[in-house]
Structures are given as structure tokens and as C-alpha cells.
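Worksheet: one structure, shown below.
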Amino acid sequence: MTDPMDTEESRALRDAVRALLTRRSGPEAVRAAMESPLGYDDKLWSTLCEQIGVAALAIPDRYGGAGAGLAEVCVVLAELGRTLTPAPMLGSAVLCGEALLRTGNDEACERLLPGIAAGTTLAALAWSDVDGQATLTASAAGLDGRACYVLDGDIADVVLAVACTPDGTGLYEVPVEGVRRERVTGLDPTRRLAVVEFASTPARRLDLGGFTEQLRQLRATAVTAVAAEQVGAAARALELTVEYTKQRRQFGRPIGSFQALKHRMADVHVHVEAARSALYAALVDGDPEAVSAAKVVCGEAFAHAAAEMIQLHGGIAITWEHDAHLYFKRAHGTALLFAG
């Protein structure tokens, strides 16, 4: 079976995204973006959306999207992962776009998805507590509770919330002025996270029922998307490490020629290729076991690649000026996303 991330269309998409990020999302640009008020480069995001259409990929044509699939989304996320580019792709385009589609609510989709697809509307999904469980509650008085790890939650134009109801789980649209939103400092400075608090907050239910099962599928999509990001970042961490070991010299020759270091880099390569295979299985099979395996294997591969990146770069890798610590922090941060 053909790898869905290696079709002619996917390769063209990968080339386009990589070319743009090579020009506009180098290490200095990434650091400037993560320290900016928005936490990402809004001009780069606009270009990604307007010229390549990254936010529209998985959204159907009738809602202003491109009608592609999760594989194409994963191609983009892998490229964003390679450069650690801060962007609202995962939280807004993937999570919120998928959540809205799973409601079966045409009115809500027609109203909200075109802006998300164009990248002009930033949406955030509040759905879990510190343990990754959906604990927000819905009653006649409104929504109550506290959601953690909300991607871009403090700057979003639209807030969606997953809440427990007497008849199961529901998806709600919440006026942004009705909630308390606060950015929190996370381990990964390239990922913007927020806490969103609800106190009898008026909300509009969007799903038409049966959202409990839809939430499980939404989590599976989110896990697969993060796995793609991890694979791209792990591969790049290995590339940078190999490049460095060819340049750094000791005892009159490149350190990459030492057998012990060759073995360590070969182990990382095997781990990264295993992660690619796990991602492929999650995309092709889509069953819970394949998705769970991808979460574990891709997370471990990225953590391994980032750890070896630091070890093989030596003392320079633990300085703020070097990017190794950013890969290391992203590796451990992504391993905790959607862990519930």
C-alpha cells in the first residue's frame, strides 16, 4: 500500500512548506516568534494559509477548505516540527476544525470553519484538566470548571469547550468575553498554552448528540497529528547532529568517524524510521492500537533523538544560544499532550 505521506501531491506539499520555512523560519525567526506577543509569526502563518492553504487542508470544500485528509495535515505538521515553528496549526486548524466537523452541525460549520480554513480565525479547544480528562460540566446555568493545556487559548477568537452533560459529552461554543483566560509558562517555549476557567458561563451546544464517541476519535486524530510533528522534529534533530559530528574534530579527525558515535547515531536512525512506520500504520489503519503505538513510538524516538543531540553536541548544546535545548523541550512537551 502506498504511503499516504509520500504521494506525488504530498511530496509537492512538503516541498512547498519546506521551502517557505527554510526562507522564513530559521532559528533566529523561531526565537523571535516564540517571544512575540502572539507566540507565533502571524505574517508567516498568513503566508502558509494564503499561498499553500495549510489550515484548509482537512476541511471540506463546502466549508471553504481543500477537502484533503489527515495525511496531508501530517505532512505539514512534520515540516513545522522540523523547524520547531510556532503556529496555530495543531490547535486551531486540526483540533477545532475536526471537532466542529464531528458535531454534524451544518450551521456551526458554515459559520466557523471558513475563517479557520483561511487562517483568519483562531480557535481554541478547552477539554481537559491537569490529568488530561474532560471534567468541565454543563448545566442550565452554563459551563463550570477549569481547562488546562489549551493550545493558544488566551489569544483565540473562538473558544470551544468539551463538557460533561447528563446525557454524555457535548461540544459547546463559548463567548470569549465570558471566560477567564491566562497564558501559562510551559516547558516548551515554542508552544503557547493557556488555562481557561468557566464559572456558570453561558454557552451554546453545537453537537447533535453522541459526541462521547466523537471525542475518542478526535483524540485519536490529535495524537496522530502530534506523532507527525514528533517524527519531523526527530528526523531534523538527527540531521543536525550528524552534520555537527562531521564538522567537530578531535584527535585530528571528525568525531563522527569514531565507531562509538556512529553506533549511537545509527540507533537514533533506527528509532526514527520505526517512528515513521508507526505513523504510517496510524494513518492507514486508524485503529486505537495503531494510534496508541504511534504515540508511544514517535514520542520515544523524538526524546531519544533530542537527548543524543545534546550529548553528541557536547557543552554547546546546553547553552541558550543553541537550538538543542529547544528540541529537547519540545520532545518532552509533546509527549505529555493528549496523554489522558
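Tabulated data for the structure shown
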{"read-out": "Filter result for the condition that a residue is basic (Lys, Arg), under 23 Å from Thr221 (Cβ atoms) and at pLDDT 95 or above, over Arg14, Arg18", "value": "Arg14"}
{"read-out": "All positions within segment 105-122 that are small (Gly, Ala, Ser) and either closer than 14 Å to Arg62 by Cβ or touching a Ser or Thr at 6+ places or on another chain (Cβ under 7 Å) (or both)", "value": "Ala108, Gly115, Ala117, Gly119"}
{"read-out": "Pairs with Cβ under 9 Å, 6+ apart, first in segment 3-18 and more than 9 Å from Glu72 (Cα to Cα), second open to solvent by 90 Å² or more (accessible area, probe 1.4 Å)", "value": "Asp3/Arg276; Ala16/Gln51"}
{"read-out": "Segment 223-254 - residue that is of a type in the set (Val, Ile, Thr) and in contact (Cβ under 8 Å) with a residue 24 or more places away in the chain and, of those, farthest from Pro88 (Cα to Cα)", "value": "Thr245"}
{"read-out": "Among (1) assigned to a loop (DSSP other than H, G, I, E, B); (2) under 18 Å from the mean Cα position of the chain (by Cα) - the single one Val195 does not satisfy", "value": "(1)"}
{"read-out": "Qualifying residue in segment 229-248 (condition: in contact with a helix residue (DSSP H, G or I) (Cβ under 6 Å, 6 or more places away or on another chain), more than 21 Å from Lys329 (Cα to Cα) and surrounded by 18 or more Cβ atoms within 10 Å (Cβ to Cβ))", "value": "yes"}
{"read-out": "Complete set of residues in segment 31-64 that are farther than 30 Å from Glu107 by Cα and either touching a Pro at 6+ places or on another chain (Cβ under 7 Å) or not in a helix (DSSP H, G or I) (or both)", "value": "Ala33, Met34, Glu35, Ser36, Pro37, Gly39, Tyr40, Asp41"}
{"read-out": "Test: residue in segment 222-243 that is over 26 Å from the mean Cα position of the chain (by Cα) and either more than 29 Å from Glu107 (Cβ to Cβ) or assigned to a helix (DSSP H, G or I) (or both)", "value": "yes"}
{"read-out": "Some residue of segment 200-213 being at pLDDT 95 or above, under 27 Å from His332 (Cβ atoms), hydrophobic (A, V, I, L, M, F, W, C) and open to solvent by less than 20 Å² (accessible area, probe 1.4 Å)", "value": "no"}
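Quick grid of which residues meet (1) over 19 Å from the mean Cα position of the chain (by Cα); (2) in a helix (DSSP H, G or I):
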position	(1), (2)
Glu289	yes, yes
Ala293	no, yes
Val297	no, yes
Glu300	no, yes
Ala306	no, yes
Gln311	yes, yes
Ile316	yes, yes
Trp320	yes, no
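A quick yes/no check of all residues on (1) at pLDDT 95 or above; (2) of a type in the set (Ser, Thr, Tyr); (3) in contact with a strand residue (DSSP E or B) (Cβ under 7 Å, 6 or more places away or on another chain):
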| residue | (1), (2), (3) |
| --- | --- |
| Glu243 | no, no, no |
| Ser257 | no, yes, no |
| Asp287 | no, no, no |
| Val297 | yes, no, no |
| Glu300 | yes, no, no |
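The values are calculated or read from the model by the stated rules, or taken from the named source; none is laboratory data. Note that this is a predicted model, so its numbers are computed, not measured. Backbone-built Cβ (ideal geometry, glycine too); neighbour counts: all protein chains shown. Calculation scope for accessible area: heavy atoms of the full protein, side chains included, ligands and nucleic acids excluded. Shrake-Rupley method; radii C 1.70, N 1.55, O 1.52, S 1.80 Å.
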